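Participant: My questions all concern the structure below.
Computed from the coordinates by the stated procedures, all read-outs in this text should not be read as laboratory data. Quantities reported herein were computed from a predicted structural model and do not represent experimental measurements. Ideal geometry is used to build each Cβ from the backbone, glycine not excepted, and the neighbour counts take in all protein chains shown.
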Amino acid sequence: MKDFGYNISKGRSINLDEYRPEKVDRLLEAVPSYKWCIGCGGCTATCTAGGLTDFNIRRIHNAFFRGQYAGFAEQLDHCMLCGKCLLVCPRGVNTRALIINMRRILEG
Ligand code: SF4
Ligand code: SF4
């Protein structure tokens with residue numbers, strides 16, 4: 001493909017067989033502030049782990065809500081729970097609690 005200096009995003013689909021609304025309900029119950037997320041990406045921009053690895057916290061929490069759990073455990077392991085994302089979030093989302101609870105919920 002010709003290099004235009006940018007890439008077109010790959011198509012994505014949601015596998016409804018993998019989607020588990022009860023997991024989303026549990027996460028919202030544990031971290032109600034996630035309802036205020038506007039997807040601005042501030043958490044990703046400041047993330048310590050994101051500067052060192054391909055970890056992207058916004059991509060991760062969006063994927064969780066779509067039921068796209070492939071590769072999740074390995075991705076979550078990159079987070080150092082430093083809390084920088086929490087400090088910059090303009091909506092007061094408890095992003096660190098999101099990470100901790102996504103881990104818990106996926107483990108069982
Ligand atoms: S910084 Fe806050 S509002 Fe912005 S994407 Fe992250 S969690 Fe959502
Ligand atoms: S707590 Fe995790 S997700 Fe948030 S800035 Fe630190 S390493 Fe990134």
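Participant: For the range 92-108, take each phi angle, set θ = phi - 60°, evaluate the Karplus expression 6.51 cos²θ - 1.76 cosθ + 1.60, and give the result in whole Hz per residue in order, putting x for glycine and proline.
Facilitator: Ordered by residue, 3J(HN,Hα) equals x, 6, 7, 5, 5, 5, 4, 4, 4, 6, 4, 4, 4, 5, 6, 6, x Hz.
Participant: Something else: How do D54, D3 rank when sorted from fewest to most other Cβ atoms within 10 Å of their own Cβ? Before the final figure, lay out the partial values.
Facilitator: On the way: D54 9, D3 6.
Fewest-to-most ranking of D54, D3: D3, D54.
Participant: If you don't mind, there's one more thing I want to ask. Evaluate the distance, in nm, between pseudo-label points positioned 7 Å from the Cα of E74 and of F4 along their respective Cα→Cβ axes.
Facilitator: The two pseudo-label positions are separated by 3.1 nm.
Participant: Do the sum for the chain: with -39,500 (n - 2.57) for every DSSP H run of n ≥ 4, divided by all residues, what is the mean residue ellipticity at 222 nm, to the nearest 500 deg cm²/dmol? Kindly include the intermediate steps, with their values, before the conclusion.
Facilitator: On the way: 6 runs with 48 residues, N = 108.
Value at 222 nm, helices only, nearest 500: -12000 deg cm²/dmol.
Participant: Applying 1/(1 + (r/R0)^6) with R0 = 41 Å to the Cβ-Cβ distance of D25 and L52, what FRET efficiency is obtained, to the nearest 0.05? It would help to have the intermediate numbers written out before the result.
Facilitator: Numbers: r = 33 Å, r/R0 = 0.80.
Using R0 = 41 Å, I get an efficiency of 0.80.
Participant: Fewest to most neighbouring Cβ within 10 Å: what's the order for H61, H78? All intermediate terms of the calculation are to be shown ahead of the outcome.
Facilitator: Values: H61 21, H78 18.
Going from least to most buried by this count: H78, H61.
Participant: Sorted from fewest to most neighbouring beta carbons within 10 Å, what does the list L106, L98 look like?
Facilitator: Numbers: L106 15, L98 24.
Listed from fewest to most nearby Cβ atoms, that is L106, L98.
Participant: Put a dot 7 Å past each Cα toward the Cβ at S13 and S33; how far apart are the dots in nm?
Facilitator: Distance between the two pseudo-spin positions: 3.8 nm.
Participant: In whole percent, what relative contact order does the chain give with Cα contacts below 8 Å and a gap of six or more residues? Each step should come with its number before you reach the end.
Facilitator: Numbers: 101 pairs, mean separation 37.4, N = 108.
Rounded, it is 35 percent for the chain.
Participant: Between E107 and R91, what is the spin-label point distance in nm, taking each point 7 Å from the Cα along the Cα→C-beta axis?
Facilitator: It is 2.7 nm.
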